[in-house]
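Engineer: Sending over a structure as C-alpha cells; questions will come in a sec.
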Amino acid sequence: MEVLVNHRVTTIIASIVAGLIISLNLFLLYQTFFGG
Amino acid sequence: MQSETPKSAMQVGVGDAGTLRAATEVLSGKSKKGFFCQLLPFLGPAFIACVAYIDPGNFATNIQGGASFGYLLVWVSVASNLMAMLIQTLSAKLWIATRLNLAEMCREHFPRPVVLCMWILAEVVAMAKGSDGGVGEPPGDYDHR
C-alpha cells in the first residue's frame, strides 16, 4: 500500500498544523487558568 | 472515529463487491484509471463522513460568528477546515494502512500513563464539545467576556 505513504511535504505541513493547534490550545488553557 | 468498524472492511455486503474490488485496486496501486475515477469508490463513505463532520453545530457556530463579526472571521473558518481536511485524510490513511485508528495506535505506541492521560483528556473534550454541539445550539459567542 505504498500509495498511502505520505509525501514529505504532507508530513511537514501536518506537523506544522499539529504544532499550531497544540500551541493555540495551550494558549487557551493558559488564558483560562491565569486570567487574560 | 467509528469503533464498531468491521475488522476487515472487505467482508461487508455482497452488493458492493465491485466497489470494494475497485477500492482495493486503487489502494494497492494497481488501478490504471484517472485520478477522479480512482476517487469514485470512496465517494459513498466520504459523503457519510461529510454529513457527520460538517454538522448543524458547525453551521450554527459559523452563522453566529458571521452575525456578530461579519466577514472578519471567515479566514478562520477556511483555514480550520483546510487543516481539518488534512488531519482527517491522514487519520483515514492510518486506518487503511494499519487497520488501527488513531486512538488504538496511541495505545500501541505510548506508555500506559500517557495513554490514560490522553483518554481522560479526550473524555473532557468530548463533554466540552458535546455541550454546544449536542444540544444543537452554538456556543455562546459572548463566553469570553
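Engineer: Being modelled with pLDDT of 85 or more, assigned to a helix (DSSP H, G or I) and touching a helix residue (DSSP H, G or I) at 6+ places or on another chain (Cβ under 8 Å) narrows it down to one residue among B:L94, B:L121; which is it?
Structural biologist: Going through B:L94, B:L121 in turn, the sole match is B:L94.
Engineer: I'm trying to understand the selection: among the residues of chain A, which are of a type in the set (D, E, K, R) and either surrounded by 10 or more Cβ atoms within 10 Å (Cβ to Cβ) or closer than 16 Å to B:I87 by Cα (or both)?
Structural biologist: A:R8 - this is the single residue of chain A that is of a type in the set (D, E, K, R) and either surrounded by 10 or more Cβ atoms within 10 Å (Cβ to Cβ) or closer than 16 Å to B:I87 by Cα (or both).
Engineer: Of the residues that make up region B:51-72, is at least one surrounded by 13 or more Cβ atoms within 10 Å (Cβ to Cβ), within 25 Å of A:V5 (Cβ to Cβ), modelled with pLDDT of 90 or more and not charged (D, E, K, R)?
Structural biologist: no
Every residue, every condition in (1) more than 11 Å from every other protein chain (Cβ to nearest Cβ); (2) surrounded by 14 or more Cβ atoms within 10 Å (Cβ to Cβ); (3) under 20 Å from B:I48 (Cα atoms), yes or no:
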| site | (1), (2), (3) |
| --- | --- |
| B:V74 | yes, no, no |
| B:V78 | yes, no, no |
| B:L94 | no, yes, yes |
| B:T98 | no, no, no |
| B:V114 | yes, no, no |
| B:C117 | yes, no, no |
| B:V124 | yes, no, no |
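Engineer: Given the condition of a type outside the set (F, W, Y), loosely packed, with under 12 Cβ neighbours inside 10 Å and at pLDDT 80 or above, answer yes or no: does some residue in region B:33-41 qualify?
Structural biologist: Yes, that holds for at least one residue.
The values are calculated or read from the model by the stated rules, or taken from the named source; none is laboratory data. What you see is a predicted model; the values in this text were computed from it and never measured. Neighbour counts run over all protein chains shown; Cβ positions are idealised from the backbone, glycine included.
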